[in-house]
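Visitor: Shown below is the structure under consideration.
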Amino acid sequence: MAFVEPGDPSELADTARTAFAEAYGGPPAVVARAPGRVNLIGEHTDYNRGLVLPVALPHATYAAMSPRPDDVVRIGSLEEAEPWTGTLGALGPGDVEGWAAYVAGVLWAMRDAGYDVPGVDILVHGTVPLGAGLSSSAALECSVALAACGVLGIDPDRATRHELVTACIRAESEVAGAPTGGMDQTVSMLASAGAALLIDFEGLVETADVALGLERADLALLVTDTRVSHALVDGGYAARRADCEAAAATLGVPSLRQATLEDVEGLQDERIRRRARHIVTEIARVRDTVDALETRDWTAIGRAFRDSHVSMRDDFEISCPELDVAVTTAVEAGAVGARMTGGGFGGSSIALVPTDRLDAAVRAIDAAFVAAGFGAPQHLRAEPAAAASLLSSG
Ligand code: GLA
């Protein structure tokens with residue numbers, strides 16, 4: 001079965017080192033690695049101060065970096081054709097466009113937060129599929145932030161990681177122009193291998209590891225990238241966020257976290273009501289899923305996944321025909337549960353599948369895509385991986 005492989009971390013780091021040396025004429029001072037993520041449940045709840053339950057993927061981005069004696073910043077990637085060159089004074093909002101904005105933005109936000117980041121050369125390389133709703137952008141940001149920490153000789157302890165998360169979120173929203181909610185950067189910086197990360201966005205962001213026990217239950221997480229393009233800088237994501245803010249304002253609460261189902265059912269505007277209903281019911285489904293994981297109640301988890309997908313399809317309207325087919329087919333092929341995952345409007349689905357049905361599920365989804373006249377999807381196995389780490393320094 002052809003899955004998109006995460007690759008061997010030390011080989012990928014070596015590839016980044018070699019490419020760095022070829023591009024800049026010497027070895028990098030540090031290499032850092034940061035994972036992409038797939039969300040088990042809790043979609044669009046982060047910017048509503050709600051709950052989310054993502055896992056870090058073994059697929060990651062590797063950033064090689066060296067300090068320079070001047071204020072020049074050079075950014076290259078093995079996955080992108082165009083390198084970028086600029087200076088420390090021009091890394092912020094409006095200065096950089098395209099993929100390099102995610103990198104420059106991190107340096108800008110770290111400097112703004114008081115980190116004395118010097119001019120640097122950067123080369124990135126990774127295996128997180130781009131534009132698949134698997135947070136290639138957060139992986140890029142977090143790998144760069146951690147590499148910059150390495151260059152500065154700062155120990156990336158928990159408190160530092162929280163600060164770096166904030167810098168990465170600012171890079172994405174203020175420099176790259178994607179007004180996202182913080183789940184992706186938080187899990188990339190704070191996840192533990194083998195576990196999901198429950199993140200509570202109410203007040204000070206709090207996290208807790210949630211054991212999954214998939215292996216013992218002979219279950220696997222199958223991610224299907226529909227390859228329908230997904231871009232968070234497009235209008236759909238921001239429009240959903242604005243609808244949620246409008247709902248909270250109408251209800252007179254600081255965020256939909258404080259609203260009840262009864263509150264939102266009373267909203268007059270039909271679209272705003274459906275959007276708010278998704279958020280309130282989705283936060284409850286995250287709680288239900290965490291409880292069900294504790295008791296290994298896979299049927300309850302399957303139900304939560306199903307209801308989550310229906311809610312995103314009908315109330316939040318962020319699914320698409322390819323995601324609906326991937327989800328329906330996975331369940332027909334024996335998945336315990338399946339749903340679209342991430343920001344929506346394309347991207348990926350996630351299915352909880354008995355390990356012995358994994359191949360059959362993949363084949364069924366591929367066949368269903370052919371039958372529907374869709375382009376071929378690609379599949380990943382999401383074995384919950386560890387947070388970002390510094391692979392070499394000094
Ligand atoms: C994207 C954003 C996240 C989150 C999800 C939807 O991944 O970056 O902040 O809002 O969409 O759950």
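Visitor: Looking at this structure, is G177 at pLDDT below 95 and either within 16 Å of the ligand (Cβ to nearest atom) or touching a Lys or Arg at 6+ places or on another chain (Cβ under 7 Å) (or both)?
Guide: Yes, satisfied.
Visitor: Within segment 72-82, how many residues turn out to be at pLDDT 95 or above and open to solvent by 80 Å² or more (accessible area, probe 1.4 Å)?
Guide: 1
Here's the yes/no breakdown for (1) surrounded by fewer than 19 Cβ atoms within 10 Å (Cβ to Cβ); (2) touching a Cys at 6+ places or on another chain (Cβ under 6 Å); (3) under 30 Å from A101 (Cβ atoms):
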site: E215; (1), (2), (3): yes, no, no
site: T226; (1), (2), (3): no, no, yes
site: A259; (1), (2), (3): no, no, no
site: E265; (1), (2), (3): yes, no, no
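Visitor: Run down P28, P35 and say which single residue is crowded, with 17+ Cβ neighbours inside 10 Å and either among the aliphatic types (A, V, I, L, M) or under 26 Å from D225 (Cα atoms) (or both).
Guide: Criteria check complete, one pass: P35.
Visitor: Another question, if that's okay. For T127, state whether it is out of contact with any His (no Cβ under 6 Å at 6 or more places or on another chain) and open to solvent by 10 Å² or more (accessible area, probe 1.4 Å).
Guide: Taking the combined requirement at face value, the residue does not satisfy it.
Visitor: In segment 184-232, how many residues are touching a Phe, Trp or Tyr at 6+ places or on another chain (Cβ under 8 Å), within 14 Å of the ligand (Cβ to nearest atom) and not in a loop (DSSP other than H, G, I, E, B)?
Guide: Summing the residues that are touching a Phe, Trp or Tyr at 6+ places or on another chain (Cβ under 8 Å), within 14 Å of the ligand (Cβ to nearest atom) and not in a loop (DSSP other than H, G, I, E, B) in segment 184-232 gives 0.
Visitor: Residues being more than 27 Å from the chain's Cα centre (by Cα) and either assigned to a strand (DSSP E or B) or of a type in the set (F, W, Y) (or both): count how many of those fall in segment 1-30.
Guide: 1
The values are calculated or read from the model by the stated rules, or taken from the named source; none is laboratory data. It should be emphasised that the depicted structure is a prediction, and the values quoted were computed from it without experimental measurement. Positions of Cβ are generated from backbone atoms using ideal geometry, with glycine treated the same way; all protein chains shown enter the neighbour counts. Surface areas here come from the heavy atoms of the whole protein model, side chains and all, with no ligands, DNA or RNA. Shrake-Rupley method; radii C 1.70, N 1.55, O 1.52, S 1.80 Å.
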